[in-house]
Amino acid sequence: MKLFNRILIANRGEIAVRIIKSARKLGIKTVAIFSKADEDALHVRMADESVFLDEGDTPGNLSETYLNVDKIINAALQTKADAIHPGYGFLSESPLLVDACEKNNISFIGPNVKSIELMGNKIEARAFVKSLGIPMTEGINGSPDELLKNAHKIKLPILVKAAAGGGGKGMRIVNENDDLKQVLETTSREAKNYFGDGSIYIEKYVVEPRHIEFQVLGDNHGNVIHLFDRECSIQRRYQKIIEESPSVTLTDEVRSKMGEDAVKIAKAVGYNSAGTIEFLVDKDLNYYFLEMNTRIQVEHPVTEMVTGVDLVEEQIKIAAGNKLEIQQSELSQKGHAIECRIYAEDPANNFMPSPGNMTFYKQSEGENIRVDSGIDKAGTIHSFFDPMISKQVVWAVDRESAIKNSIDALNNYIVHGIKTNIPYLQQMLMHQSFAKNNISTKFCDTHNDELLNNATEQKLKINGIPHLIAFAVHSLNMPVNKNNIWEQIGYWRTNSILNFKIEDEERSLNFISKENESYKFSEGETIYEITLVDVNENFIKFSLENRIIESFISEDGNGISTVSALGKDFSIERTDILNNKRIYSSAGGENSEGNLCSPMPGKVIQVNVKEGEEVSRGKVLLVVEAMKMENNITAMEDAVVEKISVKEGDMVEGNAQLVFLTSK
């Protein structure tokens, strides 16, 4: 078998770690690239070598690091890498990188330029696939002006999409003709910013469709196979958050036909790597070609879990010139796998990205649980990268067991210091409609309020007593030092009242007694007796009411602790002592009618107004981009722009003042 000696990974995070693992299995050395923010990243520590890419004076300047073809090629030449694996995102579908590899005699671990260029442009891809006789939705191509003029030819709702888009970006639904002009402009601008190509097109929007995709593998010898389907219908903002394989929606007949069409497309384009053919499927199981992604997909682990095929390993072997050793007849789907994407975001705040510093991090573990992550300890989630932290993948013999085991695993996935979508994912997996497979790409939109309310109600039912007791006993057992808060009240005394703020509620515990490893507390008339089993810096295990409870605890820089137990997180602080750590800054401030601040750390990509300009309520004043998401800063009333504190291109902190308005 022909193999490479050294592979440079032109990516970061979990996919870089994933590639390193497959390369190691094949005995291939790896080279990581990294920016200043990633100097201690897991992929850098795991790789055999690493190369620093200087980003200049602008933190997160991706054009100088992970998107810089020249620097990446130079790093490969410098380390004598004979191949480059681009992962997904960044330059994974860039013809420029493929061309640069060819010019420098470096193998590109991905498809040929023809495939990337043809299938990467959604307009050309649609025309090509239509010529193969494969079902497709109605569509219109043209400039924004032409699209505006001809959109009436397709019955609403319609979907405006970036021709070079992917990853859920550059897509917007239009339900009213009055919204079309602005949507066309916004989508074109977003497409230009993210993909370097502002071309857009319109297609008929299939109401409440399923999003089902087929994994394909092709080699350089004309062989193409598919590795079956993935159900990817659970999405928010057009980005997938739960994927599973196999799809329980498809019949064997439809699955077989879709697989044949996926192979037909890949063969026709001469595909020679791992790729994905995506389809929309309506309620009658009619399917329509959506797009082809000419890269390894984020959700590839669910296919690996049910087929037993290492897709990244196959990519590497194909790029080295080897023939596919797997025959279609040898493949089957065994059991059921579910992937949950763990994001740094706040579902209760329209899934706003939540960058910041973690205070504690622990992944779920166990048999048939796989976590693909770019981190192995608490660290900083930066605003200039994608907000995905990791992917939790669970395999079981059937879907019902996979759902149950996924919920259990999420209960043991602990992230402190930033908001994540873990509670949201838990509620989604517990929802009856999900269990019964009554889902579509509109599932999150339809059930969002219900899912958020369910999460809140479940926290209220727990009442926080296990968390309060965990926090109290854990603090008592930590070494006493000059910063220990208990020392400020003469350490612990029995029959003392301890006051807390748990979330936004004031609570008190009476510490009654301690004897060896037994503790007694009361809240009101209720007495709680616990026995300590184990305790360390961030962990405590104890018995309460004949139940063993494990809790994880960490404290932020303001003296507020996060306590995780029973699958729920509570923020807790002592209120009966002076907390010298709490420092409030006068910088920035909350949004009001006059003072408009950034909702998160990010980059100002557009300023639409000037000082002294009169603006109407709802006017988009600025656009702040963070974690692949545009956030419009709008006027809350008719006003005059008194001061603009930023300019286009500025990086801003969360809550930083952007613009100040005065009433008209």
Study note, to complete from the structure: Within the range 453-500, restricting to residues that are of a type in the set (Phe, Trp, Tyr) and outside any helix (DSSP H, G or I), the one that is modelled with the highest pLDDT is 500
Point to revise | Among (1) out of contact with any Gly (no Cβ under 7 Å at 6 or more places or on another chain); (2) without any contact (Cβ under 8 Å) to a residue 60 or more places away in the chain, the one test that residue 84 misses | key: (2)
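So that you can scan it fast, the table gives a plain yes or no per residue for (1) under 29 Å from residue 359 (Cα atoms); (2) over 40 Å from the mean Cα position of the chain (by Cα); (3) without any contact (Cβ under 8 Å) to a residue 60 or more places away in the chain:
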| site | (1), (2), (3) |
| --- | --- |
| 497 | yes, yes, no |
| 505 | yes, no, yes |
| 521 | yes, yes, yes |
| 526 | no, yes, yes |
| 531 | yes, no, yes |
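So how many residues does the range 299-331 have that are part of a loop (DSSP other than H, G, I, E, B) and free of Cβ contacts under 8 Å to residues at least 40 places away in the same chain? Even if it seems obvious, please write down each step before you answer.
Of all residues in the range 299-331, those part of a loop (DSSP other than H, G, I, E, B) come to 299, 308-310, 320-327, 331.
Pick out the ones that are also free of Cβ contacts under 8 Å to residues at least 40 places away in the same chain and you get 308, 325.
Of the residues in the range 299-331, 2 are part of a loop (DSSP other than H, G, I, E, B) and free of Cβ contacts under 8 Å to residues at least 40 places away in the same chain.
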Check your understanding: If we keep just the residues of the range 313-365 that are over 24 Å from residue 16 (Cβ atoms) and of a type in the set (Lys, Arg), which is nearest to the chain's Cα centre (by Cα)?
Key -> 334
Review point. Can you name every residue in the range 53-80 that is in a loop (DSSP other than H, G, I, E, B), out of contact with any helix residue (DSSP H, G or I) (no Cβ under 6 Å at 6 or more places or on another chain) and closer than 18 Å to residue 38 by Cβ?
Key: 54, 57, 58, 59, 60, 61, 65, 66, 67, 68, 79
Exercise for review: Check whether at least one residue in the range 615-625 is more than 30 Å from residue 165 (Cβ to Cβ) and part of a strand (DSSP E or B), and report yes or no.
Suggested key: yes
Review point. In this structure, is residue 230 at pLDDT 95 or above and in contact with a helix residue (DSSP H, G or I) (Cβ under 9 Å, 6 or more places away or on another chain)?
Key: yes
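For every residue, the table says whether it meets (1) without any contact (Cβ under 8 Å) to a residue 12 or more places away in the chain; (2) in contact with a Gly (Cβ under 9 Å, 6 or more places away or on another chain); (3) within 25 Å of residue 341 (Cβ to Cβ).
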{"residue": "13", "(1), (2), (3)": "no, yes, yes"}
{"residue": "18", "(1), (2), (3)": "no, yes, yes"}
{"residue": "22", "(1), (2), (3)": "no, no, yes"}
{"residue": "57", "(1), (2), (3)": "yes, no, no"}
{"residue": "65", "(1), (2), (3)": "no, no, yes"}
{"residue": "69", "(1), (2), (3)": "no, no, no"}
Review point. Which pairs do you get when a residue that is of a type in the set (Gly, Ala, Ser), found in the range 268-283, comes within reach of a residue that is surrounded by fewer than 18 Cβ atoms within 10 Å (Cβ to Cβ), reach meaning Cβ atoms under 6 angstrom, with the pair 6+ apart or on two chains?
Key: 268/132
Exercise for review: Considering only the range 1-27, state which residues are outside any helix (DSSP H, G or I) and surrounded by fewer than 20 Cβ atoms within 10 Å (Cβ to Cβ).
Suggested key: 1, 2, 3, 5, 6, 26, 27
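The values are calculated or read from the model by the stated rules, or taken from the named source; none is laboratory data. Source: prediction; values computed, not measured. Note that we place each Cβ from the backbone using ideal geometry, even for glycine, and neighbour counts take in every protein chain shown.
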